[in-house]
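To start, the structure under review is shown below, and the notes come after it.
Each value in this text was obtained by applying a stated rule to the coordinates, not by laboratory testing. Nothing here was measured: the structure is a model prediction, and the numbers come from that model. Using ideal geometry, Cβ is built from the backbone for each residue, glycine included, and neighbour counts are taken over all protein chains shown.
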Amino acid sequence: MIPTPSANQRPHVLFISVDQWPGHLFGHAGNRVIETPTIDALARMGVHFPNAFAECPICIPARRSMMTGTSPRVHGDRIFQPALPMPPLPTLGAVFTQAGYQTQAIGKLHVYPTRDRIGFEEAWIAEEGRSNLGGVDDYELFLAENGHPGEQFLHGMSNNEYSWRPWHLEERLHVTHWTTRAAATSIKRRDPTRPGLWHVSYTHPHPPITPLQSYLDRYRHREMDGPVHSAWSADSQALPHALNVAKGLWPTLPPEQYADMRRAFYAQCTHIDHQLRILIGTLREEGILNDTIILFTGDHGDLLGDHGLFAKRYFYQGSAQVPMLLVGRAGDPLTPPGRVDHRLVGLQDIMPTLLGLCGVDIPDSCEGLSMVGERSRPYLYGEALEGPMASRMITDGTYKLIWYPAGNHFQLFNLAQDPREAQDLSQAPAEQERLESLKNHLAAQLYGSDLQWVEGERLVGCAAAPHEPGVNRGLSGQRGLHYPPLAITSNPGQVVGFG
C-alpha cells in the first residue's frame, strides 16, 4: 500500500515535459555523444522507466493522455485535432487545484482555445505561434516588451523541418530561457501555506531547430552518431503505404548536413538540461527541494532519420518511446535512488502516479496505473491516425508488433535483442506463434472505425491507396512575421505542418 500523507504534509510537484525528445537520447540511457548531466543526475536520484511509451506519439493526443490519465479511446483524439477542446474529464491541474494545491502551468499546453487553463490556477504559455487560435501568447508578449514584437520566427526555420541555424536574438530571449525563468519566478512567488504543482513544458527540441550558438559550439568538433539503418526500410517496394508517404515528406540529407543537423538538435537538448539546474537550484534555495516530487517526461520522440524517417507519428522506438524519470521526496522508499523499473508505462500513468504520491484521490475516469504501485500491465496498446495512414502497436515490453492496416502489413521486433528495430521478425518461422498471439491481443483493443479492418477474429486491413507525392508549398508549416499580431483564424481545425 502507498502511505497517504495528510493535507498539510503533501509534497510539492515539479512536472517537467519536453517536446519531441527520444527516450533513448540521454547519457543515462546509453548515448555517449549527447550531454545530459542534469537529467542523468535525476536518473541516479530516482527511478528510470525505460519501457515508457506514448499511446499516440502525436503532440495533442499525447498531452491529452498526460493531462487526463486516459488513453486516446477515452479522451477522443488519435489524429491531432487542434480545434478539439479538452474532453469533460477531470484533469491533472483541476484535481490538484481542488485538493488545495497552488497549480501553475508554464510553457506549452497545446490546448484549444489556447488560453484554456484546463484546471490549472494560472498558465503562462508559449504556444509556438498559435495566438491565431484565440489567445494571447505570454512568450510573444515578452518578446514585444523587449523590443522584438512578432520576431519569434524571423530565424526562418520551420516548425516541422530539419533545416537549422543558430538562434537569431539575444540568448536571454530564447523560449527555453523564458520558460525556465517564468517557472523559477512562479516557484519563488508561491503561496507558502499550500503545496505547489508546477507543470513546466519546454517547446524544444521540437523544430524549429534554432540552438544557442554557445551550445552548438559544444558539439562542433564532436563525432556524431548516425541514424539506424535496416534492411526492411531500404526496400521501398515492400514498405507499408504510410511509410512510403512519410519518406517523401523530408529530403534526404547528405552525411555532413545530417551530422550538423544532429549537432544542432543535441545542442537544444543540452540547453534544456542545463536550464533544469536553475529550477532545481531555485527549489533548493527556497528550502523545498527535499519535499518536492520531480517527474520528467516527453510527449513523444523523433526518429531523426532512423530507417529513413523523421519526426513522430510512428511506433518505432525513436518516435514512441518517451523519457520517464520519477524522483520522489527525499528518502521515499517508493522511489529509491538509481532504480530501473522495466514495467510498461504510458503517459496515462503520470496523473495517477503523482496524485497517489501526494495523497490525493484518483478520479475513477483515470485508466492509468501508478508507476510506484503494485499493479502493472502485461501489454501496452498504441494507436495513431486513421484511414490509410493509420498504424497500431502492441508490446509486452520485450516484443513489439506494429500493424499498418493499409496493405495489412505487420512488423515484429524483439526489443530486448534489437532495441533499435533493425530486424523485422514477422516472417521468421520461429516467431509465428508469438506473432499470432500479439495479433490477437491487438485485435482485442480495436474499436470504432478500426472494426472495418477485422473479419471474424482476423486482422485483414484494407487496400493501400496509391501514393501520389504532394508539393510542400507551405514549407511544412513555415511561420512568418507575427507583428502586427495574427488575425483570429476562421478555421482553427486546420493543421499546420504535419501535427
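Brief remarks on what is shown
- Counting 0.36 nm for each residue step from Asp191 to Leu475 and taking away their Cα separation leaves a gain of 97.7 nm.
- For segment 165-233, the Cα-based Rg and Dmax, in that order, read 18.1, 60 Å.
- The listed peptides 123-135, 163-175, ordered by packing as a protection proxy, come out as 123-135, 163-175 (highest mean of other Cβ atoms within 10 Å first).
- Cα centroid separation - segment 319-384 against segment 227-305, whole Å: 22
- The stretch between Ser426 and His168 holds 88.1 nm of extra length on full extension. This uses 0.36 nm per residue minus the Cα-Cα distance.
- Since only Ala29, Ser65, Ala43 are under comparison, the one whose Cα sits farthest along the positive direction of the charge dipole of segment 20-74, derived from C-beta charges on Lys, Arg, Asp and Glu, is Ser65.
- Extension gain, His467 to Glu433: 0.36 nm times the residue separation minus the Cα-Cα distance gives 9.0 nm.
- Of His441, Leu357, Pro240, farthest towards positive along the dipole that unit charges on Lys, Arg, Asp, Glu beta carbons give the chain: Leu357
- Ranked by how many other beta carbons lie within 10 Å on average, peptides 388-396, 238-246, 276-284, 194-202 from highest: 194-202, 388-396, 238-246, 276-284
- Its alpha carbons considered, the chain gives a radius of gyration followed by a Dmax of 21.8, 65 Å.
- Rough spin-label spacing in nm, given labels placed 7 Å along Cα→Cβ, for Val136 and Arg377: 4.0
- Pair Arg339, Asn146: separation of 7 Å Cα→Cβ label points (nm): 4.0
- With a Cα cut-off of under 21 Å and a minimum spacing of 8 residues unless on different chains, the lysine pairs in the chain number 5.
- Peptides 50-59, 452-461 ordered by packing proxy, namely the average of other Cβ atoms within 10 Å per residue, highest first: 50-59, 452-461.
- Where labels lie 7 Å past Cα in the beta-carbon direction, separation of Glu285 and Tyr483 in nm: 3.1
- In the chain, the calculated helix contribution to ellipticity at 222 nm averages -7000 deg cm²/dmol per residue, counting -39,500 (n - 2.57) for every DSSP H run with n ≥ 4.
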